[in-house]
Amino acid sequence: MVQTSDRQSAVLSRISDIVDRIMQSRPVYQEELTKNEVMEKFASLLNNILPEQLMVLDDENLTKRVKGVMSIELMTHLLDGLTPEEVETFNAAVEGR
């Protein structure tokens, strides 16, 4: 059990460094997400993924996966500032109405 915790910590540390780099290079992430929020998401995801699966990835592949998760998290904030009417218009456009 301790080994798993150590492995998770190592993976989260590596992901944390990648998140920092992504947030610095793409301000849109900083505008909508906090690092805490992103890291909590990754901690949650590690409950379903073995840390070893991520540790074997090189930086390029891990960065690609981290960007994907961050992009999905960013999308969850897409509609936050819209009025109910704007949300309805958005939903209608997505559904093709």
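Which residues, taken from the stretch 3-23, are over 14 Å from Val66 (Cα atoms) and out of contact with any helix residue (DSSP H, G or I) (no Cβ under 8 Å at 6 or more places or on another chain)? Outline the logic, then answer.
Going residue by residue through the stretch 3-23, those that are over 14 Å from Val66 (Cα atoms) are 3-10.
Matches in the stretch 3-23: Gln3, Ser5, Asp6, Ser9.
Among residues of the stretch 1-57 being farther than 16 Å from His77 by Cβ and of a type in the set (Lys, Arg), the one that is surrounded by the fewest Cβ atoms within 10 Å (Cβ to Cβ) is Arg21.
Results for (1) polar (S, T, N, Q); (2) at pLDDT below 95; (3) within 17 Å of the chain's Cα centre (by Cα), shown as yes or no for each residue.
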{"position": "Leu33", "(1), (2), (3)": "no, yes, yes"}
{"position": "Ser44", "(1), (2), (3)": "yes, yes, yes"}
{"position": "Asp58", "(1), (2), (3)": "no, no, no"}
{"position": "Val66", "(1), (2), (3)": "no, no, yes"}
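Taken as a whole, the condition of being in a loop (DSSP other than H, G, I, E, B), touching a Phe, Trp or Tyr at 6+ places or on another chain (Cβ under 8 Å) and of a type outside the set (Gly, Ala, Ser) applies to Leu79.
Is it the case that the stretch 73-96 has a residue that's modelled with pLDDT of 95 or more, farther than 20 Å from Gln8 by Cβ and surrounded by 13 or more Cβ atoms within 10 Å (Cβ to Cβ)? Quick ask: steps written out before the conclusion?
First, the residues of the stretch 73-96 that are modelled with pLDDT of 95 or more: none.
No: the stretch 73-96 contains no residue that is modelled with pLDDT of 95 or more, farther than 20 Å from Gln8 by Cβ and surrounded by 13 or more Cβ atoms within 10 Å (Cβ to Cβ).
The values are calculated or read from the model by the stated rules, or taken from the named source; none is laboratory data. What you are looking at is a predicted structure, and each value in this text was computed from that prediction instead of being measured. Note that each Cβ is placed from the backbone with ideal geometry, even for glycine, and that neighbours are counted across all protein chains shown.
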